[in-house]
Amino acid sequence: QVQVVESGGGLVQPGGSLRLSCTASGSAFSIYVMGWYRQAPGKQRELVASITRGGTTNYADSVKGRFTISRDNANDTVYLQMNSLKPEDTAVYYCNEGVLGRFSWGQGTQVTVSS
């Protein structure tokens with residue numbers, strides 16, 4: 001079973017940038033599609049970006065052109081570069097398997113976009 005730990009969140013002004021990291025432990029990380037999800041207060045968790053083991057990416061329309069997902073299979077790490085952040089990006093961000101969210105959920109990392 002893969003376990004994940006997210007980091008890199010914080011408070012940023014609108015228009016700013018953050019880079020999130022997700023380190024995985026367990027078996028066979030590199031075979032999985034990995035994804036970044038987010039959950040805002042009072043809303044359901046949503047998938048915002050995913051990446052296959054070969055590097056093919058997919059994004060939710062709300063973040064397309066602003067967020068970039070990448071992965072380092074050698075170090076079992078997934079990244080989310082977030083640029084041009086908006087207040088509506090405020091949420092707890094989680095990484096997990098990118099199709100069914102089949103791993104145990106980590107604690108997530110809080111991203112707050114506010115002036």
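The values are calculated or read from the model by the stated rules, or taken from the named source; none is laboratory data. Everything quoted here is computed from the prediction, not taken from an experiment. Because the Cβ atoms are built from the backbone with ideal geometry, glycine has one as well, and the counts that use them run over all protein chains shown. Protein only, heavy atoms only, side chains kept; ligands, DNA and RNA dropped before computing areas. Shrake-Rupley method; radii C 1.70, N 1.55, O 1.52, S 1.80 Å.
Which of rounded, prolate, oblate describes the range 64-109, given a ≥ b ≥ c as roots of the alpha-carbon gyration tensor eigenvalues and a/c under 1.5 marking rounded, otherwise prolate only if a/b is larger than b/c?
Here the range 64-109 falls in the oblate category.
Taking H placed 1.01 Å from N in the peptide plane, check which residues at least 5 places from Val48 or on another chain put their amide H under 5 Å from its amide H.
For Val48, whose amide H was placed from the backbone, the distant partners under 5 Å are Trp36, Tyr37, Arg38.
For the chain, what is the accessible area per residue in Å² when the probe is 1.4 Å?
Spelled out: the 1.4 Å probe surface of the chain, per residue, equals 51 Å².
Roughly speaking, what is the stretch gain from Gln107 to Thr52, that is 0.36 nm per residue apart minus the C-alpha to C-alpha distance, in nm to one decimal?
Roughly 17.5 nm would be gained on extension.
Label 7 Å along Cα→Cβ of Ala60; the range 1-23 residues with amide nitrogen under 12 Å?
So the set is empty, nothing qualifies.
Kindly state, as a whole number, the per residue volume in cubic angstrom of the convex hull around the alpha carbon atoms of the chain.
That works out to 88 Å³ per residue.
If R₀ is 30 angstrom, what is the calculated FRET efficiency for the pair Ser25 and Ser70, using the beta carbon separation as r and rounding to 0.05?
That pair, Ser25 with Ser70, gives E of 0.95.
Which percent of the accessible heavy-atom area of the chain goes to carbon and sulfur, probe 1.4 angstrom?
Solvent-exposed carbon and sulfur of the chain make up 45 percent of the total.
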